Amino acid sequence: MGEGQIQKALSGFYYVNDGQQVYACRARGKHRHAGQSPLVGDYVRFTPLGPGEGALDEILCRKNQFHRPMVANIDLMVILASLVNPVTDPFLIDRLIATAEAKGCESLVCVNKSDLCSGEELAAVYRNAGYLAVCVSAETGEGIDQLRKLIAGKVCAFTGNTGVGKSSLLNALEPGFSLKTGQVSDKLGRGRHTTRHVELFQLSCGAAVADTPGFSSFEEEALPAPEELAGYFREFAPFRDKCRFPDCAHVKEKGCAVRQAVQEGTIAASRHQSYVRLYEQAKAVPGWAR
């Protein structure tokens, strides 16, 4: 029996990389009966049946999973942003970070197009909040080596609003990357009625990148319960237990230590504004629907 990670799922086959070669595996019937669907990113045990073929026996414990797109065990969510053509709304970044935090996934804010507009001020907001942040330019190569080091050895998903330069950035990280993904697209005949395809591509720096249409226009997961949300804003942690009321929502309550930290500039106002907006959205979701 071997162990490996599913790199691609297509037409009922799961392509498992054991570090030496890739096996096209069929899932055994017990997975269907247990209501368990293997996902790209899953670590699995399998039985080799012949050259490049196998049977998938067991799905190992998942670190996390995302539903749209269907992918598991993401170590690092690389959130692409830009301050020019287009300007990224910080709320989008903050919602994606909260989603990643809820899934036990690290976040890296990557401000692209720094050759056109410096992203240092925006990056500093997230560094001060306790997250990784880097400014890059896919055009000039600025920051690409640093980004490559930050993603090395990790299973990553790249996401961000349309136009921030995901394809250009991935191609700057790994020349030929867009060619590989383009070839896959051609084979699949991607179109309006084509099933979304997810695949992990191995980069020479040791990172694996999930490439999927879903992450280029990321469909956000369901929001956590409003009372849990503050726990997904790291910079709130030193202040949450200092509020006057133990059930403080950190929205408009008197004696709120989080709001005081915002007023003093310790917590960025944009981050708190995003929190309040997310809190109100989460409150509007009925408990049965969460």
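The values are calculated or read from the model by the stated rules, or taken from the named source; none is laboratory data. Note that the structure is predicted; figures quoted are calculated from it, not measured. Every residue, glycine among them, receives a Cβ derived from its backbone with ideal geometry; neighbour counts consider all protein chains shown. What goes into the accessible areas is simple: the full protein's heavy atoms, side chains included, and nothing from ligands, DNA or RNA. Shrake-Rupley method; radii C 1.70, N 1.55, O 1.52, S 1.80 Å.
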| At 222 nm, what helix-only mean residue ellipticity would the chain give, in deg cm²/dmol to the nearest 500, using -39500 (n - 2.57) for each DSSP H run of four or more? | -8500 deg cm²/dmol
| request: Assign one of three labels to the stretch 1-142, namely rounded, prolate or oblate, based on the Cα gyration tensor with a ≥ b ≥ c the square roots of its eigenvalues; rounded applies when a/c is under 1.5, prolate when it is not and a/b is larger than b/c, and oblate otherwise. | output: prolate
| field | Mean projected area in nm² (Cα convex hull; one quarter of hull surface) for the stretch 6-82 | value | 6.3
| note | Result for the chain: accessible area per residue, probe 1.4 angstrom, in square angstrom, of 49
| query | R0 = 30 Å: FRET efficiency of F91 with S204, Cβ-based, nearest 0.05? | reply | 0.30
| task | Any chance you could run the full-extension gain for R68 through E280? It's 0.36 nm times the residue separation minus the Cα-Cα distance, nm to one decimal. | result | 74.0 nm
| If you find the alpha carbon centre of the stretch 1-26 and of the stretch 29-103, how far apart are they in angstrom? | 15
| Any idea how far apart V251 and E227 come out in nm if each label point goes 7 Å out from Cα toward Cβ? | 1.4
| Counting DSSP beta bridges in the stretch 1-73, what percent are antiparallel, to the nearest 5? | 80
| message | Given points 7 Å out from each Cα along the Cα-Cβ axis, report the E121 to V84 separation in nanometres with one decimal. | response | 1.4
| task | Take F158, F13 and sort them by solvent-accessible surface of the protein heavy atoms, 1.4 Å probe, largest at the top. | result | F13, F158
| query | Between A237 and N17, what FRET efficiency comes out of the Förster formula 1/(1 + (r/R0)^6) with R0 = 45 Å and r the beta carbon distance, rounded to 0.05? | reply | 0.75
| query | Which of the pairs K103/K254; K63/K149; K103/K166; K166/K283 have their Cα atoms more than 27 Å apart in this structure? | reply | K103/K254; K166/K283
| Cysteines having no other Cys beta carbon under 4.7 Å from their own, within the chain | C25, C61, C105, C110, C117, C135, C156, C205, C256
| query | Round to a whole number: what % of the accessible area of the chain belongs to carbon and sulfur, probe 1.4 Å? | reply | 50
| task | Please turn the phi angles of the stretch 234-247 into ³J(HN,Hα) values with the Karplus equation 6.51 cos²θ - 1.76 cosθ + 1.60 (θ = phi - 60°), one per residue in order, whole Hz, x for glycine and proline. | result | 4, 6, 6, 3, x, 10, 4, 8, 9, 6, 4, 10, x, 9
